[in-house]
1. I'd like to verify a number: residues in segment 338-349 that are touching a residue at least 24 places away in the same chain (Cβ under 8 Å) and assigned to a helix (DSSP H, G or I), how many?
2. Among the listed residues ARG388, ARG370, identify the single one that is at pLDDT 95 or above, over 25 Å from HIS313 (Cβ atoms), out of contact with any helix residue (DSSP H, G or I) (no Cβ under 8 Å at 6 or more places or on another chain) and not small (Gly, Ala, Ser).
3. Do we have any residue at all in segment 109-121 that's modelled with pLDDT of 70 or more and buried (at least 18 other Cβ atoms within 10 Å of the Cβ)?
4. So which residues in segment 143-176 are among the hydroxyl-bearing types (Ser, Thr, Tyr) and modelled with pLDDT of 85 or more?
5. Looking at (1) more than 25 Å from HIS43 (Cα to Cα); (2) free of Cβ contacts under 8 Å to residues at least 24 places away in the same chain; (3) out of contact with any Pro (no Cβ under 9 Å at 6 or more places or on another chain), which one does PRO330 not meet, given that it meets all the others?
6. Give the number of residues within segment 37-66 that are within 22 Å of ALA333 (Cβ to Cβ), hydrophobic (A, V, I, L, M, F, W, C) and in contact with a Pro (Cβ under 9 Å, 6 or more places away or on another chain).
7. Determine, yes or no, whether HIS136 is of a type outside the set (Gly, Ala, Ser) and modelled with pLDDT under 75.
Amino acid sequence: MTTDPTIRTQTRTKAVTNPATKAATKAGTKARRRDRRVYLRSHPLLFALLAATRGRPVRRLGGGTLLVHGTAAYREALTRLPLDRTAPGTTGGAARAARVEGVLFDQEGSGHRAGRRELAELLGASGTRELRAVWHPLLLRRLAPLPLGGTVDLVPLARELAGSVVYALLRPGSGADACASPLALAEAAAEAAAASVRSHLPGPPRPGAGAAAISTAERLRALLGPGADARAAMLAVAAVNTTVAALPRAVAWCADAGLWDQAADPALRPALADELLRVTAASPLLPRVAAAEGSVGGCPVRTGDRLLLVARHAAGAHLRDPDGRRPAEPGVARLVFGAGPHACPGARLAREQLVGVLAALAPHRPVVTRARVDRRAALPGWRSLVVRAAA
């Protein structure tokens, strides 16, 4: 049956002129525009490259680099194509260049699988509950100024939350410096991660990047002590970097898009957290290198080809705004954490922390009063994001 075109036009007009719809559209535009500033001011060349090439699921740049945007192609690259974890331009390669030997990212075969199993157990359901007892009281204490009319900068808050988790993970039997505070460990971990990641992101090489990666890694090792477990240490490094990038951006989007009603609803809050993590995509780009010939999205891949896997596009961050009532399919939303054997073991902790932050903030319905982009960070993020209560 064919619908009367007049009725279709009237329906569209009614939707456009509906005040609630217009307000929601305006709020979503504000949220997306602010979050775009993170890319445009911290990684403008990267953002331009990704935006210009996202029309195809897979695009070859020059002779040895493939940009992978499509959902299916991204998943195929991580689950079916053998990857070289130690090649230059990968996380493992950056770790070795920084002289952080034996970490999770540069292990192979059974050692890599065993390390991932240990970390999965460490950050499983029971482990995450134990860690919540560490960071949640700190969260409530740091948000105490809001009901009194004060402001809170979410970036140092996120760093301290991450630091408390780092300290809890590494302190038992690690030999970590007893004089090092959780915040000091977090700052050292953030510096080490930023220096390492910057060395393998696309763009012109940064003078002194290699030396900086080595010196920051040595500083972190000094704080951790000789007994620190390298796998847990590198997971903590990644956790700090992504937490500081993800939490403030997610809260800013929630505030700008007017999603506090969903954040206040215990039934919707977990889905909203997944959605916010999907659209912000703290690690928007995963650099990998093919260890064997194969194909991705129908495009031939040669041994040694560099793959730039665009997590934010694979998860549809550029197509769908976050909505806890109509979330993306979980298998798509969680692609921002990788897939298959290359999925991030800290995904559960990231979701749990964001759910906790949203629950603590929702009663105050905060608004953003000041935001400054961190131009030096490896991952797109805010240097400062100040909020105050609106409720």
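1. Number of matching residues: 5.
2. Numbers: ARG388 fails: out of contact with any helix residue (DSSP H, G or I) (no Cβ under 8 Å at 6 or more places or on another chain).
After ruling out the rest, the residue left standing is ARG370.
3. No: segment 109-121 contains no residue that is modelled with pLDDT of 70 or more and buried (at least 18 other Cβ atoms within 10 Å of the Cβ).
4. THR151, SER164
5. Tallying (1) more than 25 Å from HIS43 (Cα to Cα); (2) free of Cβ contacts under 8 Å to residues at least 24 places away in the same chain; (3) out of contact with any Pro (no Cβ under 9 Å at 6 or more places or on another chain), PRO330 fails exactly one: (2).
6. So the answer is 3.
7. Values: of a type outside the set (Gly, Ala, Ser): yes; modelled with pLDDT under 75: no.
Spelling it out, it is not the case that HIS136 is of a type outside the set (Gly, Ala, Ser) and modelled with pLDDT under 75.
Here is a yes/no grid of residues against (1) assigned to a loop (DSSP other than H, G, I, E, B); (2) under 23 Å from TRP260 (Cβ atoms):
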{"site": "PRO322", "(1), (2)": "yes, yes"}
{"site": "ARG325", "(1), (2)": "yes, yes"}
{"site": "GLY331", "(1), (2)": "no, no"}
{"site": "ARG334", "(1), (2)": "no, no"}
{"site": "ARG351", "(1), (2)": "no, yes"}
{"site": "LEU354", "(1), (2)": "no, yes"}
{"site": "VAL357", "(1), (2)": "no, yes"}
{"site": "ALA360", "(1), (2)": "no, yes"}
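The values are calculated or read from the model by the stated rules, or taken from the named source; none is laboratory data. None of the values given here were measured: they were computed from a predicted structure. When we count neighbours, we look across all protein chains shown, and the Cβ atoms used for this are built from the backbone with ideal geometry, even at glycine.
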